[in-house]
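Heads up, the thing below is written out as structure tokens.
Each value in this text was obtained by applying a stated rule to the coordinates, not by laboratory testing. Since we're looking at a predicted model, the values are computed, not measured. Glycine gets a Cβ as well: all are built from the backbone with ideal geometry, and neighbour counts include every protein chain shown.
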Amino acid sequence: MKAVAAVFARRPECVKRLFFEPETGRGAGEFCKLLAREKRVYRQVPEDELERIAGTVHHGGIVAITEREIAEEITPEEIADWSRAKRGIVVLDRVGNPHNLGAIVRTAAFFGAPAVIYGVSRDQVLPGESAYRVAEGAMEYVDVRPVRGLPNFLRAIRPQYQTAGAALQGQPLDRISVGSRAGTSRPFALVLGNEEHGLGGPVLAACEHRILIPGTGAIESLNVSAAAAILMHWFFGRD
């Protein structure tokens, strides 16, 4: 319900059809009124049909069919605006699990990051039903946008951002100055890599910092969405 509610709150014009179970429909009255005014389809359906429409059993009792424009690449002007506002951003290199993408976007919204930027790659998952569901509405508050040539992009934004790549060979977090202690006005761009292989060599080489979340060593690394939450709290949620 949260993801659907966020769509109606932020971009109701993109909702083309709405389907819901009887129980969930009791809370969908305002959505239905809006769709009725626009002469769009909304309908109560049994659970098995809703599962078929959603393509999953994890639909939360309501499914909105939306139509969105293809995401455009991030522009230098947007990067400059976010940097001036001291807003950290997140950059993804071949994150392949849609649940991880959704969780990262949700955390980005929680900490006020304006964008999650992903490198164009066949190994990078794109925003879809699963990611939207896991994000629980955060996709409406964060720009999830592509960029081509990720290493070149990271080098290009250095005048505006400190680029920090998560790596097993990185510096522990407490050795990197953040906020007013950093001695620079540039906010951070956190760069996170593939679930199995981490950051690609050219991407890591393009990062200004290599950062490590220290642990006991019993487990080599965290899930990328868990690492993203810790890093965003450290770099975006502190001064």
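What relative contact order, as a whole-number percentage, does the chain give when Cα pairs under 8 Å and 6 or more residues apart are counted?
21 percent
Segment 67-170: which GluC sites (Glu not before Pro) are DSSP loop and have at most 10 other beta-carbon atoms within 10 angstrom?
67, 69, 72
Within a 10 angstrom radius of the beta carbon, how do 150, 34 rank from fewest other beta carbons to most?
Going from least to most buried by this count: 34, 150.
In whole Hz, what ³J(HN,Hα) sequence does segment 46-63 give by Karplus (6.51, -1.76, 1.60; θ = phi - 60°), x for Gly and Pro?
With the stated coefficients, segment 46-63 comes to x, 4, 5, 6, 5, 4, 5, 5, 6, x, 6, 7, 8, 9, x, x, 8, 9 Hz.
Report, in deg cm²/dmol and to the nearest 500, the calculated mean residue ellipticity at 222 nm for the chain, where each DSSP H run with n ≥ 4 adds -39500 (n - 2.57) and the sum is divided by the residue count.
Theoretical 222 nm ellipticity from helices: -9500 deg cm²/dmol.
Residue separation times 0.36 nm, minus the C-alpha to C-alpha distance between residue 9 and residue 39: what's the value?
9.0 nm
Principal axis extents for the chain, Cα atoms only, whole Å, descending order, please.
That gives 55, 42, 33 Å along the principal axes, largest extent first.
Nearest 10 degrees, 0 to 90: what angle lies between the long axis of helix 98-110 and the longest principal axis of the chain (Cα atoms)?
80 degrees
Counting other beta carbons within 10 Å of each residue's own, what order do 220, 23 fall into, fewest first? Don't skip to the end; give the middle numbers.
Numbers: 220 7, 23 11.
The order, fewest Cβ neighbours first, is 220, 23.
Return the lysines within reach of residue 16: Cα separation strictly under 27 angstrom, same-chain partners fewer than 8 residues apart disregarded; answer none if there are no such residues.
Counting by Cα, and skipping residues close in sequence, residue 16 has these lysines nearby: 2, 33, 39.
Per residue of segment 116-121, in order, report the coupling 6.51 cos²θ - 1.76 cosθ + 1.60 (Karplus, θ = phi - 60°) as ³J(HN,Hα) in whole Hz, putting x for Gly and Pro.
Taking θ as phi minus 60°, the curve returns 10, 9, 10, x, 5, 6 Hz for segment 116-121.
Between residue 173 and residue 52, what length comes free when the chain is fully extended (0.36 nm per residue of separation minus the Cα-Cα distance, one decimal in nm)?
Extra length from residue 173 to residue 52 when fully extended: 39.0 nm.
Apply the a/c threshold of 1.5 to the C-alpha gyration tensor of segment 2-66 and tell me whether it is rounded, prolate or oblate. Working shown, then result.
Values: a/c = 1.68, a/b = 1.50, b/c = 1.12.
Prolate is the answer for segment 2-66, as a/c is 1.5 or above and a/b outweighs b/c.
Classify segment 153-216 as rounded, prolate or oblate, taking a ≥ b ≥ c as the square roots of the eigenvalues of its Cα gyration tensor: rounded when a/c is under 1.5, otherwise prolate if a/b is larger than b/c and oblate if not.
Oblate.
Given the options 64, 25, 53, identify the residue whose Cα lies farthest towards the positive end of the charge dipole of segment 2-66 (+1 on Cβ of Lys, Arg; -1 on Cβ of Asp, Glu).
So the residue we want is 64.
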